[in-house]
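Shown next, in structure tokens, is the structure this report addresses.
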Amino acid sequence: MRQETKINKERIGVLIGKEGSVKAQIEEQTQTKITVDSNGGLILVEGEDADLFIRAVATIQAISRGFSPERAFVLLEEDDLYIEVIDISDAASTPDQMERLRGRIIGRNGRARGQIEDMTQTSISVYGKTVSVIGDVEQIRVALDAIDMLVSGVEHETVFSFLEKKRREAKQNMISYYY
């Protein structure tokens, strides 16, 4: 299997890591070969094992969307974690509106993003015109619903109430599953 992907040039150094350590770790854990074209930002991933190949591509995508390597590496370690990337540029017609949307999602001192991450057990990166979420399928869905609410202009407190309700429902579902 082989796949080419393009990443922002400013993220190439993060993907490679100090003395190639990040790239080497991804290659080692996924049994893939990663070729980086530093000039064009093209990344070629080659591998044999489909599952490991998909994990390598997802980890590279996470790093390219603003996650630190440490946060992206959970995609290598956990079978049931995925990354979802959404483009929020349709919700903003000017650069000022885009900054406002990014600010609503991140919140003062990162508090809104942190609370969404905490309440959904996900990792969130707001980078450029995208918001990326790492988690399991259900966690991602709830986090993206909350982000969509913020982008739509819903007040933060209403979004956090929604998340609390979803957390209670998930806990109740877990209890009823076991009893």
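The values are calculated or read from the model by the stated rules, or taken from the named source; none is laboratory data. Bear in mind the structure is a predicted one, so any value in this text is a computation, not a measurement. Because the Cβ atoms are built from the backbone with ideal geometry, glycine has one as well, and the counts that use them run over all protein chains shown.
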Note on residue 7: of the conditions (1) in contact with a strand residue (DSSP E or B) (Cβ under 7 Å, 6 or more places away or on another chain); (2) assigned by TED's automatic domain parsing to the domain that holds residue 131, unmet is (2)
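Take the conditions crowded, with 17+ Cβ neighbours inside 10 Å and at positive phi and apply them to residue 107. Does it pass?
Numbers: crowded, with 17+ Cβ neighbours inside 10 Å: no; at positive phi: yes.
Here the answer is no, as residue 107 does not meet what is asked.
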When the range 1-24 is examined, which residues are found to be under 21 Å from residue 52 (Cβ atoms), among the charged types (D, E, K, R) and in a strand (DSSP E or B)? 2, 4
Given 99, 46, 27, which one is more than 24 Å from residue 137 (Cβ to Cβ), assigned to a helix (DSSP H, G or I), among the charged types (D, E, K, R) and not assigned by TED's automatic domain parsing to the domain that holds residue 138? 27
Please determine, by comparing only the residues of the range 1-54 that are free of Cβ contacts under 8 Å to residues at least 24 places away in the same chain and of a type in the set (Gly, Ala, Ser), which one is nearest to residue 82 (Cα to Cα). 24
From the option list 78, 99, single residue qualifying as among the charged types (D, E, K, R) and under 17 Å from the mean Cα position of the chain (by Cα) is 78
Filtering the range 127-137 down to residues that are among the β-branched types (Val, Ile, Thr), surrounded by 20 or more Cβ atoms within 10 Å (Cβ to Cβ) and farther than 16 Å from residue 79 by Cβ yields 131, 133
Just to verify a result, which residue in the range 138-157, among those that are part of a helix (DSSP H, G or I) and of a type outside the set (A, V, I, L, M, F, W, C), is surrounded by the fewest Cβ atoms within 10 Å (Cβ to Cβ)? 157
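Within the group 143, 92, which residue is free of Cβ contacts under 8 Å to residues at least 40 places away in the same chain, over 24 Å from residue 45 (Cα atoms), hydrophobic (A, V, I, L, M, F, W, C) and touching a Ser or Thr at 6+ places or on another chain (Cβ under 6 Å)? Show your work before the answer.
Values: 92 fails: touching a Ser or Thr at 6+ places or on another chain (Cβ under 6 Å).
Just one listed residue meets the conditions, 143.
For every residue, the table says whether it meets (1) among the β-branched types (Val, Ile, Thr); (2) within 10 Å of the chain's Cα centre (by Cα); (3) assigned to a helix (DSSP H, G or I); (4) at pLDDT below 95.
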| position | (1), (2), (3), (4) |
| --- | --- |
| 61 | no, yes, yes, no |
| 83 | yes, yes, no, no |
| 114 | no, no, yes, no |
| 118 | no, no, yes, no |
| 133 | yes, yes, no, no |
